[in-house]
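Data first, discussion second: the structure below is written as structure tokens.
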């Protein structure tokens, strides 16, 4: 259970949505109302997933075939998207009369894909019982590794299938696409293969999968009307889950709109449904409750016998006991005669014998298109080009248009109450007076802060220019920069440093993110809570921008701050928080961004990216990019120091200038072209000087200590 501030905050939001859902379902008493709810669930899911691609030729190719005791295996490929082959094994009955029901099997996160032991056994058993069974390699599995490196002979992304899914899924989110949609599409095209196959009955099609394959089975149960029966195995479909794990399994906004995992299964009623669990899974503890909730839904259709649950003793997987129960379920659902043929003892096939390619990878054998390249080709026009304004009036109108596009992506509401400042003590550091405390910016969210100011001199109590600093690692990282702190104070400025939500002192589950840095980017606690936040209808990134805006509001209430002389400094991810805050708060005088991402588009156009998921605004690239946000700062001073590319490497100055050509054009319309600057520095002293110049404070003196700033 969550124990931190942010975890508790998000769980409380989710709890309100779950409560509203419970009340809504309690009012459903008839089949007509139930069917209306099913339509609502499908509509919500369709909106979240997006539109399916158009069907093209399958181009099914049978590469090989062999026979075993009671079944045959065909090695084949089919195209789910143009130029994108899916490798698959089709297990066919030999001794049963046709036409046979067909079952498609999406694989969970097992890297072996269709060659995985439990799935080979599944195909063998199903085929001997009369079920034509198509087991295919999902995205990033088996012969379909998406980020395959010919030198390493493996994926260069992370350590697992989940890492690849998340790397790819994050890219798709930026343009409003969903990896789960494309993974479902692979299975749907697999159903097309079965439906077109001679000897397979297209009116009796089913789906089953375990773990991530169970999740895809649930998705298909909701979205694929051709399915006649479904068996979800080891799928975490708890009604109070807010997700957060693998990219493809998160439905952003679903919890806020009253749709949970169980709702997707309820949408399958009254068709036969089996929920199978493994005793070693946490989700198994809820198996009876899940069956009761789904069963009550089926009762509205007078179809309670059509849904059942099965619990097998053992670890996570498609266990032998579950395979036995699943095949009996499908035989009954499809009207096949009872058959107790045991699971065959045929030796497992080596993975090479089940491969449809010579090299074991479609990218190196079939000149295939991977999903990243397919997607990149189709989003070249994102964000849409905009007509440049001809004068300042048109430029201001464009800024308002851009702000109207930006705000909905941030997913925060306007504040209802003033910021409450809770001062907790005073001290000194670097010769500066330091006030420490917390800013309560909304119910459940407080920001630890440190306010630095020069000790009162002969002029007594005076209001000074003030800088709000946002560092990706929080207050402690800013406090460690002695030369910067003393120089800024000597220049007559105060500094307010804050820990935005879920950073610094309020980090989420910090111990889980202290291991492999790359893995933390994809699947660490902060990344998972960023996805949970989107699922409940909010945005972690938007919340952090909100925190910056509220900190600015607070500064304007202090007697020792000149309200018209407040500037922003953002560092790393903090550069993006500061950029958005400056774009939305037109009272900010200046903004300096250090080592901030140059463009979202670079993340979409380049395979290797190493920016944290918490900066993602799903679908933003359909509407705008970071240079558009920067254009909203005009004509105020904006300095970009060492902006970085998708790999967090410093961009050459010429590239950064090209990226921000649009921004400069907007500044020109205000007659303020000199107010936007891109600066490349090679040492700490030059960086310090660039920051000072961008903020209009005193530059470092000769002989000043040359310390790294900022880390």
Test residue 97 against the stated conditions and say whether it is assigned by TED's automatic domain parsing to the domain that holds residue 354 and either assigned to a loop (DSSP other than H, G, I, E, B) or free of Cβ contacts under 8 Å to residues at least 24 places away in the same chain (or both). no
Residues of the stretch 525-557 satisfying the condition of being farther than 22 Å from residue 596 by Cβ and without any contact (Cβ under 8 Å) to a residue 60 or more places away in the chain: 525, 556
Could you give every pair whose Cβ atoms fall below 6 Å, whose first residue belongs to the stretch 464-482 and is free of Cβ contacts under 8 Å to residues at least 40 places away in the same chain, and whose second residue is assigned to a strand (DSSP E or B), counting only separations of at least 6 or pairs across chains? 475/450; 475/497
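Return a yes/no flag: does the stretch 46-66 have any residue that is surrounded by 15 or more Cβ atoms within 10 Å (Cβ to Cβ), in a helix (DSSP H, G or I) and under 29 Å from the mean Cα position of the chain (by Cα). Let's see the steps before the verdict.
Going through the stretch 46-66, the residues surrounded by 15 or more Cβ atoms within 10 Å (Cβ to Cβ) turn out to be 48-50, 53, 58, 60.
Pick out the ones that are also in a helix (DSSP H, G or I) and you get 48-49.
Then keep just the ones that are under 29 Å from the mean Cα position of the chain (by Cα); that gives 48-49.
Yes, the stretch 46-66 contains at least one residue that is surrounded by 15 or more Cβ atoms within 10 Å (Cβ to Cβ), in a helix (DSSP H, G or I) and under 29 Å from the mean Cα position of the chain (by Cα).
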Checking residue 685 against (1) farther than 18 Å from residue 403 by Cα; (2) modelled with pLDDT of 95 or more; (3) assigned to a helix (DSSP H, G or I), only one condition comes out false. Which one? (2)
Selection from the stretch 396-414 of residues that are outside any helix (DSSP H, G or I) and under 22 Å from the mean Cα position of the chain (by Cα): 411, 412, 413
In the stretch 654-671, what residues are in contact with a strand residue (DSSP E or B) (Cβ under 9 Å, 6 or more places away or on another chain) and not in a helix (DSSP H, G or I)? 660
Only one of 12, 88 is in contact (Cβ under 8 Å) with a residue 60 or more places away in the chain, in a helix (DSSP H, G or I) and surrounded by 13 or more Cβ atoms within 10 Å (Cβ to Cβ), namely 12
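Give 312, 284, 292 a once-over and let me know the one that is free of Cβ contacts under 8 Å to residues at least 60 places away in the same chain, crowded, with 16+ Cβ neighbours inside 10 Å and under 16 Å from residue 237 (Cα atoms).
One residue alone meets the criteria, 284.
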When the stretch 140-155 is examined, which residues are found to be surrounded by fewer than 23 Cβ atoms within 10 Å (Cβ to Cβ) and either touching a residue at least 12 places away in the same chain (Cβ under 8 Å) or in contact with a helix residue (DSSP H, G or I) (Cβ under 7 Å, 6 or more places away or on another chain) (or both)? 146, 147, 148, 150, 155
Scanning the stretch 389-417 residue by residue, the ones that are surrounded by fewer than 16 Cβ atoms within 10 Å (Cβ to Cβ) and at pLDDT below 95 total 5
So which residues in the stretch 636-663 are touching a helix residue (DSSP H, G or I) at 6+ places or on another chain (Cβ under 7 Å) and surrounded by fewer than 19 Cβ atoms within 10 Å (Cβ to Cβ), if there are any at all? 662
Restricting attention to the stretch 579-611, which residues are at pLDDT below 95 and touching a strand residue (DSSP E or B) at 6+ places or on another chain (Cβ under 7 Å)? 611
Let me confirm something: among 214, 243, which residue is in contact with a helix residue (DSSP H, G or I) (Cβ under 9 Å, 6 or more places away or on another chain), surrounded by 19 or more Cβ atoms within 10 Å (Cβ to Cβ) and either modelled with pLDDT under 95 or not assigned by TED's automatic domain parsing to the domain that holds residue 412 (or both)? 243
Qualifying position, being in contact (Cβ under 8 Å) with a residue 24 or more places away in the chain, over 23 Å from residue 353 (Cβ atoms) and in the same structural domain as residue 328 (by TED's automatic domain parsing), among 119, 178: 178
If residue 584 satisfies all but one of (1) crowded, with 24+ Cβ neighbours inside 10 Å; (2) closer than 25 Å to residue 672 by Cα, what's the number of the condition it fails? (1)
The one condition residue 614 fails out of (1) touching a strand residue (DSSP E or B) at 6+ places or on another chain (Cβ under 8 Å); (2) part of a helix (DSSP H, G or I) is (1)
Given (1) at pLDDT below 95; (2) over 30 Å from residue 252 (Cβ atoms), index of the condition residue 108 fails: (2)
Only one of 192, 186 is assigned to a helix (DSSP H, G or I) and buried (at least 22 other Cβ atoms within 10 Å of the Cβ). Can you tell me which? 186
Applying the selection to the stretch 688-711, what residues are modelled with pLDDT under 85 and in contact with a strand residue (DSSP E or B) (Cβ under 7 Å, 6 or more places away or on another chain)? 710
Residue 534 surrounded by 23 or more Cβ atoms within 10 Å (Cβ to Cβ), modelled with pLDDT of 95 or more and out of contact with any helix residue (DSSP H, G or I) (no Cβ under 6 Å at 6 or more places or on another chain): yes
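For every residue, the table says whether it meets (1) out of contact with any helix residue (DSSP H, G or I) (no Cβ under 8 Å at 6 or more places or on another chain); (2) assigned by TED's automatic domain parsing to the domain that holds residue 672; (3) closer than 16 Å to residue 544 by Cβ.
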residue: 571; (1), (2), (3): no, yes, yes
residue: 577; (1), (2), (3): no, yes, yes
residue: 582; (1), (2), (3): yes, yes, yes
residue: 587; (1), (2), (3): no, yes, no
residue: 593; (1), (2), (3): no, yes, yes
residue: 596; (1), (2), (3): no, yes, yes
residue: 599; (1), (2), (3): no, yes, no
residue: 604; (1), (2), (3): no, yes, no
residue: 607; (1), (2), (3): no, yes, no
Among the candidates 338, 368, 356, which residue alone is in contact with a helix residue (DSSP H, G or I) (Cβ under 6 Å, 6 or more places away or on another chain), more than 21 Å from residue 288 (Cβ to Cβ) and either surrounded by 14 or more Cβ atoms within 10 Å (Cβ to Cβ) or assigned by TED's automatic domain parsing to the domain that holds residue 133 (or both)? 368
Residues of the stretch 630-653 satisfying the condition of being more than 28 Å from the chain's Cα centre (by Cα), in a loop (DSSP other than H, G, I, E, B) and without any contact (Cβ under 8 Å) to a residue 40 or more places away in the chain: 652
Go through (1) loosely packed, with under 13 Cβ neighbours inside 10 Å; (2) under 34 Å from the mean Cα position of the chain (by Cα) for residue 302 and report which single condition fails. (2)
Within the stretch 15-31, how many residues are surrounded by 10 or more Cβ atoms within 10 Å (Cβ to Cβ) and within 17 Å of residue 299 (Cβ to Cβ)? 3
Against the definition (assigned to a helix (DSSP H, G or I) and crowded, with 24+ Cβ neighbours inside 10 Å), how does residue 231 come out, yes or no? no
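The values are calculated or read from the model by the stated rules, or taken from the named source; none is laboratory data. Note that the structure is predicted; figures quoted are calculated from it, not measured. All Cβ positions, even for glycine, are placed from backbone atoms using ideal geometry, and neighbour counts span all protein chains on display.
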